[in-house]
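Please read the structure below before turning to the comments.
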Amino acid sequence: MKVFISSCETGESFYGRELKRMAGLCTSLQSLFVDRPEDADLILVVDMDEADVFANLRRNPVWRRYPKKSFGIYEGDNPPRFLHGVYTAVPRDRTYLGRFQSCGLWMHQVAFPLVCPAPDRAWETPKSLLFSFMGRISHPVRRRLLQMSFPKEDVVIVDTSTYNHFRTAPKERSPWQDEYWPVAERSKYVLCPSGSGATCGTRLFDMMQAGIAPVIICDKWVPPLGPNWNEFALFVAERDIKYLYGTIKERDSEWKMRGQKARQAHENWFAAETYWKSLIDSIRKIQQQQVVPESIYSSSLPLLTLVERGRQARIRSVIWMKGMIRKVLKR
């Protein structure tokens with residue numbers, strides 16, 4: 001398979017370099033990277049920036065010229081609608097036409113590392129907690145979790161909104177890093193609720209790598225292809241979190257089995273040696289099931305851009321109105 005990497009930015013692409021590195025580690029799929037898009041069987045479009053409705057993606061001529069074989073890869077919270085591809089935070093309602101698949105957060109984990117302990121350590125650490133969660137209030141379901149009352153002896157819920165792992169300088173991260181893994185290792189389960197986008201965030205893949213069973217509370221999230229997620233993850237609908245403690249308590253004795261299967265799923269699908277094939281398998285799935293030819297979307301870019309600008313304007317208006325209502329209620 002011949003692959004061309006098309007960056008939406010100038011200069012060397014960190015994303016492209018990392019994809020090539022993972023392709024080199026993959027022993028189950030042979031890939032050759034070429035210098036010209038016309039020679040490629042597959043074009044991967046990377047380094048998109050959502051500023052000005054993904055202006056750098058819209059300026060990229062490669063995918064407009066070869067829409068059928070071009071696929072985006074993006075790990076941001078608000079993936080583009082213009083180009084089919086594999087996006088971490090693609091919401092469930094965008095998948096019905098077969099243009100999108102979900103993926104992991106490999107680049108986030110490389111760029112913002114939290115050194116993961118060996119899974120044996122998590123399995124051998126005495127479990128004093130049924131479940132835990134440490135995170136920012138970046139979604140209403142997280143706010144509800146923090147407002148709920150759980151037995152203090154076996155549940156830890158901590159609001160870390162003053163800390164942003166993706167914006168805090170490395171030297172300022174250590175206090176939270178010092179708490180993140182010790183609390184997780186003492187937990188039989190770790191909550192992975194909705195975050196800023198339609199995703200559970202890097203926490204899900206952190207826990208899988210560490211061999212800790214995740215509890216997924218994210219209605220819009222689309223599971224990436226590959227693992228049998230129900231083997232190791234517990235799924236709780238956002239509307240049902242009032243039953244959260246009882247739901248997890250019923251699975252109390254399964255924590256180690258689920259943690260071990262979570263670790264195995266990570267190794268099979270999201271480790272450095274296997275993630276490249278996972279991405280390619282997801283793209284092949286899109287090729288098999290896409291309903292409307294991608295050339296239709298490519299030729300409709302001006303209209304799609306206008307629609308997206310209108311959608312974003314409506315979102316900003318709603319946010320503004322909610323802010324004004326809060327101010328009035330505080331008076």
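The values are calculated or read from the model by the stated rules, or taken from the named source; none is laboratory data. Computed from a predicted model, the values in this text were never measured in an experiment. Every residue, glycine among them, receives a Cβ derived from its backbone with ideal geometry; neighbour counts consider all protein chains shown.
Quick look at the values:
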{"item": "Pair list, Cβ under 7 Å, 6 or more apart: the range 47-76 residue under 21 Å from Ile315 (Cα atoms), other residue in a loop (DSSP other than H, G, I, E, B) and among the aromatic types (Phe, Trp, Tyr)", "result": "Phe54/Phe82"}
{"item": "Output for the range 231-241, where each listed residue is surrounded by 11 or more Cβ atoms within 10 Å (Cβ to Cβ) and in a helix (DSSP H, G or I)", "result": "Glu231, Glu238, Asp240, Ile241"}
{"item": "Candidates Glu254, Glu250, filtered to the one that is more than 23 Å from Met107 (Cα to Cα), crowded, with 16+ Cβ neighbours inside 10 Å and not hydroxyl-bearing (Ser, Thr, Tyr)", "result": "Glu254"}
{"item": "Per-region count, the range 19-41, residues touching a residue at least 40 places away in the same chain (Cβ under 8 Å) and either of a type in the set (Ser, Thr, Tyr) or crowded, with 18+ Cβ neighbours inside 10 Å (or both)", "result": "7"}
{"item": "Options Phe235, Phe205; residue that is in contact (Cβ under 8 Å) with a residue 12 or more places away in the chain, over 15 Å from Ala184 (Cβ atoms) and among the hydrophobic types (A, V, I, L, M, F, W, C)", "result": "Phe235"}
{"item": "Pairs where the first residue, in the range 294-305, is outside the structural domain of Leu97 (by TED's automatic domain parsing) and the second is in a loop (DSSP other than H, G, I, E, B) and among the small types (Gly, Ala, Ser), C-beta under 8 Å, 6+ apart", "result": "none"}
{"item": "Number of the condition not met by Lys285 [criteria: (1) closer than 27 Å to Ala184 by Cβ; (2) at pLDDT 95 or above]", "result": "(1)"}
